[in-house]
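**Student:** Got a structure for you, questions after.
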Amino acid sequence: MKYLSEYRNAAVVKKLLTELQAIVTQPWMLMEICGGQTHSLVKNGILEMLPPEVTMVHGPGCPVCVTPASMIDKAVALAMRQEVVLCSFGDMVRVPGSRKSLQQARSEGGNLKIVYSPLDAVKLAQEHPEKEVIFFAVGFETTAPANALAVLQAAKQGLTNFSVLVSHVLVPPAMEAILSDRFNNINAFLGAGHVCTVMGLQEYYALAQKYRVPVVVTGFEPVDLLEGILLAVRQLETGRAAVENQYARVVRESGNEAAQAVIREVFEVADREWRGIGLIPQSGYRVREQYRQFDAEQKFGESAEVLFSETDTGCIAGEILRGLKKPAQCPHFGKACTPLYPLGAPMVSSEGACAAYFHFSQACEVTASPH
Amino acid sequence: MCLGIPAKLETIDEASDEFFRTGKISFGGISRTVSLAMLSEAQPGDYVLVHAGIALSVISEEEARTVFEYLKESGELEEEGLPEEDI
Ligand code: SF4
């Protein structure tokens, strides 16, 4: 039996839309940060249901999309070393680096293993003392607790053959970078529900106040998203800029404090390069000095060669990730660039805006043309 | 990799060190061990959200079902990658 929750009830959706229509008086541009929300908005056809005044643009919240090509290159170089087993989350393996993806590296003899958790990689290191196990630690605040815990466990077990290649990024600095861009036209944000499960709401208050921008932490279901949009538009229409929590059934004000403590123990905030966006100051994590023997970059000193620039291929991911353009405005979209042969990272993962639009436009064509 | 996987916590294995505390979860017919290092309040029978092998929050049963349905429909369950067998 199919379980249909109240969060996708058609009557509730309709009611929220009517309410939205009733309060909106002028154009507003909202950005959802999280790729999971982008996927849900596109897939559930919510973008088409919104009143014409409300435009959603899609933010940089897909870790697969923002991990720089230079980091993929480092991972590829490490995977090609004889003694190394490079472990990665499954969705990273098809992302193009400047010359190849991890998947291509594997087909050329690289040693790559897909794991569900960095803790699996720690276990692997324990079982294979003859190998150097490296975990490709990417992601936002949601994967940081797992990656930090992996380092702590390896340290406690005294493992000398485990390390992490860190490319961690943080959501609030990316929001700030978008807001302070002179071309910015975002009026409000939908905050990423699961990121806040870890970090709580604290980091958003200063941002909302400084830039006079509403931030509504939102879930992933159609009703969640519409409710989030409604709360944000209501704030905009009444001249408020507050932090609200639409997703209180999962997200607590203070987040998960134990997880925050583990992250702080292992990582410190550092500058990070974002694919398609460039360097954002203080926008990610690096391994603290105290745990440097678990930092693959320190341990192997692997440096990437050519820095890849997205413009080489004509991919406009940078503009898409900053909300300046939509995927269909890219000349390669659906032509040279498809999920099977992605030119840029946003076409790789289902959380990427280009892939979400691609799948959705395919589905539309199927229903629109019965022959 | 960002979306948490909802699961029911079946049993807790006490470890000498809090950083190694684990529990068995089940979801959609699959069971596996996850870290409980960051969720000391979770009890057997609770539903939890698991991120990359770490349980991070206790949620209601209804929420667990909602998220599970969502993941299943959007193909995210495969993407979250159930582990491969060997090196
Ligand atoms: S469609 Fe492809 S080439 Fe164009 S922006 Fe998206 S990922 Fe880049």
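**Student:** To the nearest 10 square angstrom, how much accessible area does A:Ser40 have with a 1.4 angstrom probe?
**Tutor:** 0 Å²
**Student:** At most 12 other C-beta atoms within 10 Å and a DSSP loop state: those are the exposed GluC sites (Glu not before Pro) I care about. Give me the longest piece of chain A that has none. Provide the component values of the computation, followed by the final result.
**Tutor:** On the way: sites that count: A:Glu83, A:Glu108, A:Glu130, A:Glu253, A:Glu305.
Within chain A, the longest run free of exposed GluC sites (Glu not before Pro) spans A:131-252.
**Student:** Compute the signed sum of charges (Lys and Arg +1, Asp and Glu -1) over the other residues within less than 14 Å, Cβ to Cβ, of B:Thr33.
**Tutor:** Details: positive: A:Lys123, B:Lys8, B:Arg21, B:Lys24, B:Arg32; negative: A:Asp120, B:Glu10, B:Asp13, B:Glu14.
Every neighbour counted, the sum reads +1.
**Student:** Still on this structure, please answer the following. Please compute the Kirkwood hydrodynamic radius of chain A from all pairs of different C-alpha atoms, in Å with one decimal.
**Tutor:** Working: mean 1/r = 0.0467 Å⁻¹.
For chain A, the Kirkwood estimate is 21.4 Å.
**Student:** First measure r as the distance between the Cβ atoms of A:Lys15 and A:Gln293, then evaluate 1/(1 + (r/R0)^6) with R0 = 51 Å and state the FRET efficiency to the nearest 0.05.
**Tutor:** Numbers: r = 57 Å, r/R0 = 1.12.
Result of the calculation: an efficiency of 0.35.
**Student:** Hey, can you grab everything whose amide H is under 5 Å from the amide H of A:Val166? Only 5+ residues off in sequence or another chain; H modelled, so Pro and N-termini drop out.
**Tutor:** Hits under the 5 Å cutoff: A:Ala137, A:Ala296, A:Glu297.
**Student:** Restricting attention to region A:1-94, which trypsin sites (Lys or Arg not before Pro) occupy a DSSP loop and are surrounded by at most 14 other Cβ atoms within 10 Å?
**Tutor:** In loop regions of region A:1-94 (DSSP not H, G, I, E or B), the sparsely surrounded trypsin sites (Lys or Arg not before Pro) are A:Lys2.
**Student:** How crowded by other chains is A:57-64, given as the mean number of beta carbons from other chains within 10 Å of each beta carbon?
**Tutor:** For this peptide, the per-residue mean of nearby foreign Cβ atoms is 1.
**Student:** Can you give the accessible area buried between chains A and B, summed over both chains, with a 1.4 Å probe, in Å² to the nearest 100? Could the numbers behind the result be given before it?
**Tutor:** Values: alone 16470 and 5870 Å², together 18070 Å².
That pair hides around 4300 Å² of surface in total.
**Student:** Residues of region A:105-141 losing 40 Å² or more of accessible surface, assembly versus chain alone, probe 1.4 Å, please list them.
**Tutor:** With the partner chains in place, region A:105-141 has these residues losing at least 40 Å²: A:Lys113, A:Ile114, A:Tyr116.
**Student:** What does the charge dipole of region A:1-120 about its Cα centre add up to, to the nearest 20 debye, if the Cβ of each Lys and Arg holds +1 and the Cβ of each Asp and Glu holds -1? Please report the intermediate quantities before stating the final value.
**Tutor:** Values: 12 positive and 10 negative charges, 71 e Å.
Around 340 debye, computed over region A:1-120.
**Student:** Averaging over all projection directions, find the projected area of the Cα convex hull of region A:95-208 and quote it in nm² with one decimal place. Write down the numbers at each step before the final one.
**Tutor:** Values: hull surface 39.4 nm².
Computing the convex hull of the Cα atoms and averaging its projections yields 9.9 nm².
**Student:** Residues with amide H under 5 Å of B:Ser57's amide H, sequence separation 5 or more or different chain, H placed in the peptide plane at 1.01 Å from N; which?
**Tutor:** B:Leu49
**Student:** In whole Hz and in residue order, list the ³J(HN,Hα) couplings for region A:209-218 that follow from phi through the Karplus curve 6.51 cos²θ - 1.76 cosθ + 1.60, θ = phi - 60°; x for Gly and Pro.
**Tutor:** Using θ = phi - 60°, the values come out as 6, 4, 9, 6, 10, x, 10, 10, 6, 9 Hz.
**Student:** From the square roots a ≥ b ≥ c of the eigenvalues of the alpha-carbon gyration tensor of region A:1-78, which class results: rounded (a/c under 1.5), prolate (a/b over b/c), or oblate?
**Tutor:** oblate
**Student:** Moving to a separate point now. Which percent of the accessible heavy-atom area of the protein assembly as shown goes to carbon and sulfur, probe 1.4 angstrom? Present the calculation step by step, with values, prior to reporting the outcome.
**Tutor:** Working: 9500 of 18070 Å².
With neighbouring chains kept in place, the figure for the protein assembly as shown is 53 percent.
**Student:** Turning to a different aspect of this structure: How large is the translational diffusion coefficient of region B:5-79 in µm² per second when you combine the Kirkwood radius over alpha carbon pairs with Stokes-Einstein at 37 °C and 0.692 mPa s? The partial results should precede the final answer.
**Tutor:** On the way: Rh = 12.3 Å.
Estimated diffusion coefficient is 267 µm²/s.
**Student:** Give the average, rounded to an integer, of partner chain Cβ atoms located within 10 angstrom of each Cβ in A:30-42.
**Tutor:** Values: counts 0, 0, 0, 0, 2, 3, 7, 1, 0, 5, 3, 0, 0.
That average works out to 2.
**Student:** Straight-line reach only, C-alpha to C-alpha below 20 angstrom: list the lysines that A:Lys131 could link to, leaving out same-chain residues fewer than 8 apart.
**Tutor:** Once the sequence-local lysines are set aside, what remains near A:Lys131 is A:Lys74, A:Lys113, A:Lys123, A:Lys156, A:Lys299.
**Student:** Determine the dipole magnitude for the protein assembly as shown: charges of +1 sit on the beta-carbon of Lys and Arg, -1 on that of Asp and Glu, nothing else is charged, the reference point is the Cα centre, and the result goes in debye to the nearest 20.
**Tutor:** Result for the protein assembly as shown is approximately 800 debye, rounded to the nearest 20.
**Student:** So, one more: Please give the per residue accessible area of region B:5-79, computed with a probe of 1.4 Å over protein heavy atoms only, in Å². Present the calculation step by step, with values, prior to reporting the outcome.
**Tutor:** Values: 2990 Å² over 75 residues.
Ligands and nucleic acids excluded, the result is 40 Å² per residue.
**Student:** Go through region A:347-354 residue by residue and turn each phi into a ³J(HN,Hα) via Karplus (6.51, -1.76, 1.60, θ = phi - 60°); whole Hz please, and just put x for glycine and proline.
**Tutor:** Per residue, the Karplus-derived 3J(HN,Hα) values read 8, 7, 8, 5, 7, x, 4, 5 Hz.
**Student:** Once you compute Rg and the Kirkwood Rh from C-alpha atoms, what is the Rg to Rh ratio for region A:186-281? Please report the intermediate quantities before stating the final value.
**Tutor:** On the way: Rg = 14.6 Å, Rh = 14.5 Å.
Result for region A:186-281 is an Rg/Rh of 1.01.
**Student:** What does the charge add up to near A:Leu179, with Lys and Arg as +1, Asp and Glu as -1, over the other residues with Cβ less than 12 Å from its Cβ?
**Tutor:** Values: positive: A:Arg182, A:Lys210, A:Arg212, A:Arg322; negative: A:Glu176, A:Asp181.
In short, +2.
**Student:** Would you mind getting the accessible area per residue of chain A, heavy atoms of the protein chains only, 1.4 Å probe, in Å²?
**Tutor:** Details: 14450 Å² over 371 residues.
Value for chain A: 39 Å² per residue.
**Student:** Only protein chains counted, 1.4 angstrom probe. Which residues of region A:170-207 are at least 40 Å² less accessible in the assembly than when their chain is isolated?
**Tutor:** When all protein chains are present, A:His194, A:Thr197 each give up 40 Å² or more of accessible surface.
**Student:** Ranked from the most accessible area to the least, with a 1.4 Å probe and all protein chains present, what is the order of A:Asp224, B:Asp13?
**Tutor:** Numbers: A:Asp224 0, B:Asp13 50 Å².
Sorted by accessible area, descending: B:Asp13, A:Asp224.
**Student:** Now a separate question. For region A:145-160, what does the Karplus curve 6.51 cos²θ - 1.76 cosθ + 1.60, with θ = phi - 60°, yield as ³J(HN,Hα) per residue in whole Hz, taken in order and with x for Gly and Pro?
**Tutor:** x, 5, 5, 5, 5, 4, 5, 4, 5, 4, 5, 5, 7, x, 6, 10
**Student:** Enumerate the amide H contacts of B:Thr22 below 5 Å, restricted to partners 5 or more residues apart or on another chain; note that Pro and chain-start residues carry no placed amide H.
**Tutor:** Long-range HN contacts for B:Thr22: B:Asp13, B:Ala15, B:Leu36.
The values are calculated or read from the model by the stated rules, or taken from the named source; none is laboratory data. Quantities reported herein were computed from a predicted structural model and do not represent experimental measurements. Counting neighbours? That spans all protein chains shown, and the Cβs are built from the backbone with ideal geometry, glycine included. Side chains included, ligands, DNA and RNA excluded: accessible areas come from the protein's heavy atoms. Shrake-Rupley method; radii C 1.70, N 1.55, O 1.52, S 1.80 Å.
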